[in-house]
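*Asks:* Below are the structure tokens for one structure; questions will follow.
The values are calculated or read from the model by the stated rules, or taken from the named source; none is laboratory data. Please read these numbers as outputs of a predicted model, since none were measured by experiment. Here the Cβ positions follow ideal geometry from the backbone for every residue, glycine too, while neighbour counts run over all protein chains shown. With ligands, DNA and RNA removed, areas are computed over all heavy atoms of the protein, side chains included. Shrake-Rupley method; radii C 1.70, N 1.55, O 1.52, S 1.80 Å.
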Amino acid sequence: MPDPDEEPVSDREREEWLALLRRHLSDGRLDLEQFDVRVARLNAAETRAGAKASLDGLPLIATPARGPRNRRRHGETDGVQAGP
């Protein structure tokens, strides 16, 4: 069975990872130069593994849950809950 990370990256996946990079930029974890380098890496990637590499070293970030299955992907965690 082929490795899913070695399959071609789709436009939809590329857009999702670009949105995550934008979030990291707006949250101050990337400066504009780092963002540009990672976007170039993402756009040049031919496989999912190559595209995912644009997010290497970045922490997971909370994002709204999507869809009925509520699956997690890079950058998605359980929401932060207030303590007592």
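*Asks:* Across segment 1-10, which residue is most open to solvent (accessible area, probe 1.4 Å) among those that are assigned to a helix (DSSP H, G or I) and more than 11 Å from Ala51 (Cβ to Cβ)?
*Replies:* Glu6
*Asks:* Going through segment 11-39 one residue at a time, which ones are open to solvent by less than 60 Å² (accessible area, probe 1.4 Å), in a helix (DSSP H, G or I) and hydrophobic (A, V, I, L, M, F, W, C)?
*Replies:* Trp17, Leu18, Ala19, Leu20, Leu21, Leu25, Phe35, Val39
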